[in-house]
Amino acid sequence: MGIFDALTNAVSGLQSQAFALQNISGNIANSQTVGYKETDTAFQALVSQAALGEQTAGGVFASSVATNTVQGTIQNESVTTDMAISGNGWFVVSKPSGSSGTLPQFNGVNSFTRRGDFQMNSNGYLVNGAGYYLMGIPVSPATGNPTTSVPQVLQFNNNFLPAQSTTQIDYAANLPSTPSSGMITPGSYTANPLASGTGTVIASDAATFNTQSLSGGSVTVYDSLGNPVNVQLRWAETSSAGGNNTWQLFYQSNSAASGAQVEWQNTGTSFTFNTSGQRTAPAGASITLANLAVNGDTVGNVTFNYGISGLTQFAAPSGNAQVNNVTQNGFTAGSLQSLSVDTQGQVVGAFSNGQTVPLADITLAQFNGTDSLQPLDGEAYAATPESGNPSYTATGNIVGSSLEASNVDIATQFSKLIVAQQAYSANARVMTTANQMIQSLLTVIQ
């Protein structure tokens, strides 16, 4: 029966090499497919059941070997919603099972993919090139907090960012050691504008005050409804005794004031500097502008933050204050304009009010048996008993404006193609030889 066993072995060899060729052809065909993972072929020897020393080759069995853990090259892209995973992890996605009107319907079955060419469609969903919808954890644009703990299909078309009242002004400036205005003269005013906490400058004294103080810049803040409020700042030097200069900060509370109406409000804090130009008081890094109001528009309590070294007093040729930074954290309401992906693995929205805020955390899944995932059409995979259930603690990093290329190496596939071709020809040769031997046997019998 040896000749017939040889024929059987050769047939299994042909089948196995044809199977390998199928995998190789699929790899080559998908060498440019985003997120594709090549399929290798493993061969397993089959041995006939016999006593020790009498075993004979029983053919070969071919099976597929996944390369799901092999990273593809990450390539930079211009689309801001493209994303790639560097390291371990899978995007959690879902494919519609139907539709209701123009909206897709989902059956709750999740799939997993490394294909990250997502773009926002007309309904606000992020969909990749194979038709899979991105899932993640939505984040409230107003609070920055997650709205759920379970990944869901993300939709962004109705995002609206409400107005935020200003609660902090960040400020940095250098006050001149020799100001062009000279020191403020208390006797030049109807009331003492230097009284701590209550000092004000009325409109009839404003012209004198302006000549005895320096502009500290301006900043637009916002009230609780998002209305812009322009805050003008001025610095007044009140003492230079012993080389330790003292300054006080004012803001214009009523630009339309007249007569005895208050125009400038003292913030109520004395800022002192030593001969080295360093601030010595107050001790903290900020003060509070209590119940800040300008032209009748109340903003509320605002933290005026100048940090540890944000205020200095060095020589300035012009004799004026040099404002190095003045920003605030309020804004008006805005609507969503565009999406992008940041380095923290978040979908970020750019709004019409100039704000950029996180809208969702992108969920990454991982598996104990990654290579046992079941391949689906479109570079997606399904969990299997062998892969285990997904856990959402993957350690990979999401790279925005990038895509992971196929991990197929064409040169390697061509070398495997040559080997498979030679092995297939060799098995066919075995069949030819076995056939000739059988023909010779039949000739003897005749």
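The values are calculated or read from the model by the stated rules, or taken from the named source; none is laboratory data. Nothing here was measured: the structure is a model prediction, and the numbers come from that model. As a convention, Cβ positions derive from the backbone with ideal geometry for all residues, glycine included, and neighbour counts pool all protein chains shown.
Against the definition (touching a Gly at 6+ places or on another chain (Cβ under 6 Å), free of Cβ contacts under 8 Å to residues at least 24 places away in the same chain and assigned by TED's automatic domain parsing to the domain that holds Pro138), how does Gly388 come out, yes or no? Yes; evaluated as a whole, the condition is true for this residue. Note on segment 186-234: residues that are in a strand (DSSP E or B), farther than 19 Å from Ser258 by Cβ and hydrophobic (A, V, I, L, M, F, W, C) total 6. Answer yes if at least one residue in segment 163-173 is over 30 Å from Gly334 (Cβ atoms), at pLDDT 95 or above and assigned to a strand (DSSP E or B), and no otherwise. There is no residue in segment 163-173 that is over 30 Å from Gly334 (Cβ atoms), at pLDDT 95 or above and assigned to a strand (DSSP E or B). With the condition kept exactly as written, say whether any residue in segment 414-432 is surrounded by 18 or more Cβ atoms within 10 Å (Cβ to Cβ), aliphatic (A, V, I, L, M) and assigned by TED's automatic domain parsing to the domain that holds Phe91. The answer is no, given that none of the residues of segment 414-432 is surrounded by 18 or more Cβ atoms within 10 Å (Cβ to Cβ), aliphatic (A, V, I, L, M) and assigned by TED's automatic domain parsing to the domain that holds Phe91.
Residues checked against (1) in contact with a helix residue (DSSP H, G or I) (Cβ under 7 Å, 6 or more places away or on another chain); (2) polar (S, T, N, Q):
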site: Gln261; (1), (2): yes, yes
site: Gly268; (1), (2): no, no
site: Gly277; (1), (2): no, no
site: Ala285; (1), (2): no, no
site: Leu289; (1), (2): no, no
site: Gly307; (1), (2): no, no
site: Gly319; (1), (2): no, no
site: Gln322; (1), (2): no, yes
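Entry remark, segment 218-261: residues being closer than 23 Å to Ser165 by Cβ and crowded, with 16+ Cβ neighbours inside 10 Å number 15 in total. For Val399, are the conditions met, namely being outside the structural domain of Gln119 (by TED's automatic domain parsing), closer than 22 Å to Val139 by Cβ and at pLDDT 95 or above? Spelling it out, it is not the case that Val399 is outside the structural domain of Gln119 (by TED's automatic domain parsing), closer than 22 Å to Val139 by Cβ and at pLDDT 95 or above. When restricted to residues that are under 20 Å from the mean Cα position of the chain (by Cα) and closer than 19 Å to Asn159 by Cα, segment 312-344 contains 8. For segment 178-194, the condition of being buried (at least 19 other Cβ atoms within 10 Å of the Cβ), modelled with pLDDT of 90 or more, touching a helix residue (DSSP H, G or I) at 6+ places or on another chain (Cβ under 6 Å) and not aliphatic (A, V, I, L, M) holds for at least one residue.
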